[in-house]
Amino acid sequence: MNTTTSSSSSQGNWRHQLRPAWTPLNIAIMVVSFMTGVFWFVGVFMIAYMIWGRDWGLDFSTWGNVEQSMNRMGDNLKSAFDGKAQSNRTGNAAFDEWRDAEIKRLEEERKKLEDAKQEFQSYMEELQKARDKEEFDRFWSQWNARRAGDTGPGSTGPGNTGPGGTINL
């Protein structure tokens, strides 16, 4: 009778060693996985598990206890899909209402800024088109003026062919 008690307590001890903490068993698994070289990713996972395991809702020490694991998984799924993120609620209803109103106000302000940005970009595009048209019109009038001045007989200005039949621009 005594042997079963000691074996169950030693089994509980080793399972307890698998909790997300810097326990000798977790450290041994991490070191051995890095030493083999092939299973280095297990070592990286063990480091992450030991640091963030509780935040992730992982606890390998409860393996074999199906009912507890299923309850914990069900609780995690409920909190993930209940429509409200746990981190969004503080427990103080007045603060949560104020924060929600401020977030809504900031979203409206962001939308106004986006609209103003769009209007400004449209204005800048129109301004650039006007500048481009003005520069082109100035170029075109200068080019036509040069062309009109160079159209005399024997000239090699624009529109006329130069020596050898090439077009001079």
Which percent of the accessible area of the stretch 99-141 is formed by carbon and sulfur heavy atoms (probe 1.4 angstrom)?
56 percent
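Taking the highest mean first, how do the peptides 108-116, 23-31 order by number of other beta carbon atoms within 10 angstrom per residue?
Working: 108-116: 10.0, 23-31: 15.4.
Listed from highest to lowest mean packing, they are 23-31, 108-116.
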Pair I27, N144: separation of 7 Å Cα→Cβ label points (nm)
8.9 nm
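The values are calculated or read from the model by the stated rules, or taken from the named source; none is laboratory data. Keep in mind that this is a model prediction, so the values were computed, not measured. Please note: Cβ atoms are built from the backbone with ideal geometry, for glycine as well, and neighbour counts cover all protein chains shown. What goes into the accessible areas is simple: the full protein's heavy atoms, side chains included, and nothing from ligands, DNA or RNA. Shrake-Rupley method; radii C 1.70, N 1.55, O 1.52, S 1.80 Å.
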